[in-house]
Amino acid sequence: MKNKSGKYLILMILMGLTTQPLFAQENILKTLVEDRTDHKYVFYPSTLRMINLTKNQEYNELVKDVSKLYIYMLDSAIRADKGYRKIAEGYTRLGYDEYAMAYGGDLSLAILGSEQASTNTFVGYLIQDELAVAFYLSGTIAWQKIPTLLNTLRKEDLFNFLDPTSQEH
């Protein structure tokens, strides 16, 4: 009996150590943008399905493997000083790979990721016209689908929280 409880204790400690880096990854983004956002949205599988008011099957297929999505609507100050670029710098130091980087005109985009056997983690930002968002996504979605997901969330057939003209500031 004593041997079994020792094994359970070791298992619990190992489980705690494996989840701690995941929280640390989320905290980097929170630290960089938490006080520089106008709005923050947190989505889990149930809330991602709930905002699909028209039951769009393509959207359901897109989000079916997303386990967590944080979206931060960035304020004008972080946009003006380009502070959002610190997101890419911070995650690159953590060993995240650059999947997409684009700068020019009214568009700035960064998608960085860490792909593991069990789940993928992506982080980045999209600055386009009046829209300025940073995101953290966890799940088994392919990184190429992230811009499609962000644009789909802006469409009017969903609960439209990413339309900057609909936000009261």
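Let's see how each residue does on (1) closer than 19 Å to residue 33 by Cα; (2) touching a strand residue (DSSP E or B) at 6+ places or on another chain (Cβ under 6 Å); (3) modelled with pLDDT of 90 or more; (4) not in a strand (DSSP E or B):
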| residue | (1), (2), (3), (4) |
| --- | --- |
| 68 | yes, yes, yes, no |
| 73 | yes, yes, no, no |
| 77 | yes, no, no, yes |
| 87 | yes, yes, no, yes |
| 98 | no, yes, yes, no |
| 118 | no, no, no, yes |
| 124 | yes, yes, yes, no |
| 133 | yes, yes, no, no |
| 137 | yes, yes, yes, no |
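Can you confirm whether residue 120 is touching a residue at least 24 places away in the same chain (Cβ under 8 Å), surrounded by fewer than 21 Cβ atoms within 10 Å (Cβ to Cβ), within 18 Å of residue 150 (Cβ to Cβ) and not acidic (Asp, Glu)? Against the criterion (touching a residue at least 24 places away in the same chain (Cβ under 8 Å), surrounded by fewer than 21 Cβ atoms within 10 Å (Cβ to Cβ), within 18 Å of residue 150 (Cβ to Cβ) and not acidic (Asp, Glu)), residue 120 does not qualify.
Under the condition of being of a type in the set (A, V, I, L, M, F, W, C), assigned to a loop (DSSP other than H, G, I, E, B) and modelled with pLDDT under 80, the residues counted in segment 139-169 number 4.
Looking at segment 137-154, can you tell me whether even one residue there is small (Gly, Ala, Ser), on the phi > 0 side of the Ramachandran plot and surrounded by fewer than 19 Cβ atoms within 10 Å (Cβ to Cβ)? So that I can check it myself, show each step before the final result.
The initial filter retains those residues of segment 137-154 that are small (Gly, Ala, Ser), namely 138-139, 142.
After this cut, where a residue has to be on the phi > 0 side of the Ramachandran plot as well, the list is 139.
Subset that is surrounded by fewer than 19 Cβ atoms within 10 Å (Cβ to Cβ): 139.
Looking through segment 137-154, at least one residue is small (Gly, Ala, Ser), on the phi > 0 side of the Ramachandran plot and surrounded by fewer than 19 Cβ atoms within 10 Å (Cβ to Cβ).
Does any residue of segment 97-111 turn out to be in contact with a Gly (Cβ under 9 Å, 6 or more places away or on another chain) and under 14 Å from residue 66 (Cβ atoms)? No - not one qualifying residue is present in segment 97-111. Consider residue 33 against the criteria (1) without any contact (Cβ under 8 Å) to a residue 40 or more places away in the chain; (2) not acidic (Asp, Glu); (3) not in a strand (DSSP E or B): it satisfies all of them except one. Which criterion is unmet? Single failed check for residue 33: (1).
Scanning segment 39-97 for residues that are surrounded by 13 or more Cβ atoms within 10 Å (Cβ to Cβ), touching a residue at least 60 places away in the same chain (Cβ under 8 Å) and over 24 Å from residue 116 (Cβ atoms) yields 39, 41, 51, 52, 56, 59, 73, 74.
Kindly provide the set of residues from segment 100-116 that are small (Gly, Ala, Ser) and outside any loop (DSSP other than H, G, I, E, B), ordered by number.
In the first step, residues of segment 100-116 are kept if they are small (Gly, Ala, Ser); the result is 100, 102, 104-105, 108, 110, 113-114.
100, 102, 104, 108, 110, 113, 114 - these are the residues of segment 100-116 that are small (Gly, Ala, Ser) and outside any loop (DSSP other than H, G, I, E, B).
The values are calculated or read from the model by the stated rules, or taken from the named source; none is laboratory data. Treat the numbers as computed from the prediction; the structure is a model and nothing was measured. Here the Cβ is made from the backbone with ideal geometry for all residues, glycine too, and neighbour counts use every protein chain on show.
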